[in-house]
Amino acid sequence: MFGLIDCNNFFVSCERVFNPSLRNRPVAVLSNNDGCIVALSNEAKALGLKRGNPYFQVKDICDRNNVAILSGNHRLYGDMSSRVMAIVSSIIPDIEVYSIDEAFMHIHGWPDDQLQSVGRDIVRKVRRCTGIPTSVGIAPTMTLAKIASKFAKKYAGYHGACVINSDEARRKALSLTEVSDVWGIGRRLYPKFYNIGVDTALQFADMKRENVERMLNICGQRTWCELNGQACIELEQSEPAKRQLCCSRSFGTMLTTFDQLRQAIALFASIISRKLREQSSAAVSISVFIHTNAFRQDMEQYFNSAHRQLPEATSDTMTLTAIATQALRAVFRKGYSYKKAGIIVHEVVNQSAVQPSLFTDPNERRRRSRLMDVLDSINSSCVGHDRVHLAAYQPVDALVKSERRSPLYTTRFQDIISIR
């Protein structure tokens, strides 16, 4: 059997753990630069607010209804996610972290009549140890487990855990699920089903195999098999290495000078380099892009990008920063106000497959590798996030607008809650 644990309204729940005054009150969490709503409490959803709403468009609704508005605190959310996943893995060792607030589990060794109690035990332990409310769905396939978790979240009678372990339960759940809500279908493929009069997941599951094969690709066919109780998707114990990485930001205030943009690009190169080292990869080439604010029609517009091939595939922060700065210099133009910039690294390869350059000193390469190891070790310790970095940039908080961000309760000593 497979299980899915889903943290309920995760960003809002993280904020409520440390600020009880937010409980039973409508809460909205904003994106970078406090632009759009990215998370809502149930109370805020009841007011008609939706994820993706630009905040300035719904500000009046929020003010009239005393909605608590918070800037995204992603370092806090990431740390709380790690704690939740550690607790889940202490109960069910075989897990795959699917997103910051979801994880799949491979549940074996328990009889069917104990599965619901196992799910409820997980929910209770996570709530007791972290304060985060969760929902668990358990079923013979990962797709059915995701559907079961939605029922566990929606209906209080399940007490946090819904189990689909019979054909009767499967068909009942699918009959109450819109086909557009099925994992792997979504809004993108829904028009295909709408055109043939298929509205529910059960109608999709009851389609003939040959019709499904004509209509959908192999991924859609696997979804059909999963809805019919045939497991086609397996847990991935480790996340596959990404073949391309991007880091970009919309700035809180528009930047006008080369030095301001250079600092931003240096920061992005540092983030990309760390991600490459985390997955034991190296980048073969790099692109830098910059553009003005397309929404400001009263201002002159400019967009450009530059691509650079690296002399040797690398994840070295200093090398990537130097090459990215060269690319930025090629596209920067005076007289514009820049709203966004970013870096993309292409052709990411495994570190063990890097072909050394004839013109690079092997001793210098080893020295720089050890330096990067020390840098990562310090920044991943309790000393602090991004405590040691290149002098070429300031930490990310200097670039983004976050006027309503809560403290870093779990990752910064000065923000630890004091109890009197």
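Numbers at a glance
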| read-out | value |
| --- | --- |
| Ser90 vs. criteria of a type in the set (Gly, Ala, Ser), over 21 Å from Lys150 (Cβ atoms) and part of a helix (DSSP H, G or I) | yes |
| Filtered residues of the stretch 126-153 (kept if more than 20 Å from Gln230 (Cβ to Cβ), open to solvent by less than 20 Å² (accessible area, probe 1.4 Å) and not hydroxyl-bearing (Ser, Thr, Tyr)) | Val126, Ile132, Val136, Ala152 |
| Subset of the stretch 78-100 [open to solvent by 40 Å² or more (accessible area, probe 1.4 Å) and aliphatic (A, V, I, L, M)] | Ala86, Ile91, Val97, Ile100 |
| Extreme residue, nearest to Cys36 (Cα to Cα), among residues of the stretch 361-420 that are modelled with pLDDT of 70 or more and among the aromatic types (Phe, Trp, Tyr) | Tyr409 |
| Candidates Ala264, Ala269, Ala282 - the one that is surrounded by 16 or more Cβ atoms within 10 Å (Cβ to Cβ), in contact with a strand residue (DSSP E or B) (Cβ under 7 Å, 6 or more places away or on another chain), in a strand (DSSP E or B) and aliphatic (A, V, I, L, M) | Ala282 |
| Selection status of Leu358, under 30 Å from the mean Cα position of the chain (by Cα) and either open to solvent by 50 Å² or more (accessible area, probe 1.4 Å) or at pLDDT 70 or above (or both) | no |
| Single unsatisfied condition, Asn73 versus (1) open to solvent by 50 Å² or more (accessible area, probe 1.4 Å); (2) within 17 Å of the chain's Cα centre (by Cα); (3) of a type outside the set (Val, Ile, Thr); (4) closer than 27 Å to Arg127 by Cβ | (1) |
| Gly35, sole failed condition from (1) at pLDDT 90 or above; (2) of a type in the set (Gly, Ala, Ser); (3) over 30 Å from Leu144 (Cα atoms) | (1) |
| Residues of the stretch 166-181 classified as open to solvent by less than 70 Å² (accessible area, probe 1.4 Å) and part of a loop (DSSP other than H, G, I, E, B), total | 2 |
| Matching residues in the stretch 292-322 - criterion: being of a type in the set (S, T, N, Q), closer than 30 Å to Asp373 by Cβ and out of contact with any strand residue (DSSP E or B) (no Cβ under 6 Å at 6 or more places or on another chain) | Thr317, Thr319, Thr321 |
| Cβ-Cβ under 8 Å pairs, at least 6 apart or on other chains, the stretch 67-87 side without any contact (Cβ under 8 Å) to a residue 40 or more places away in the chain, far side open to solvent by 10 Å² or more (accessible area, probe 1.4 Å) | Gly78/Ile100; Met85/Ile95; Met85/Val97 |
| Search result, residues across the stretch 35-65 that are part of a helix (DSSP H, G or I) and open to solvent by less than 50 Å² (accessible area, probe 1.4 Å) | Ala44, Tyr55, Val58, Cys62 |
| Hits in the stretch 309-347 - residues which are in a loop (DSSP other than H, G, I, E, B), open to solvent by 20 Å² or more (accessible area, probe 1.4 Å) and more than 12 Å from Ile290 (Cβ to Cβ) | Lys334, Gly335, Glu347 |
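The values are calculated or read from the model by the stated rules, or taken from the named source; none is laboratory data. This structure is a prediction, so every number in the text was calculated from the model and none was measured. Positions of Cβ are generated from backbone atoms using ideal geometry, with glycine treated the same way; all protein chains shown enter the neighbour counts. Please note that ligands, DNA and RNA were not included when accessible areas were found on the heavy atoms of the full protein model with its side chains. Shrake-Rupley method; radii C 1.70, N 1.55, O 1.52, S 1.80 Å.
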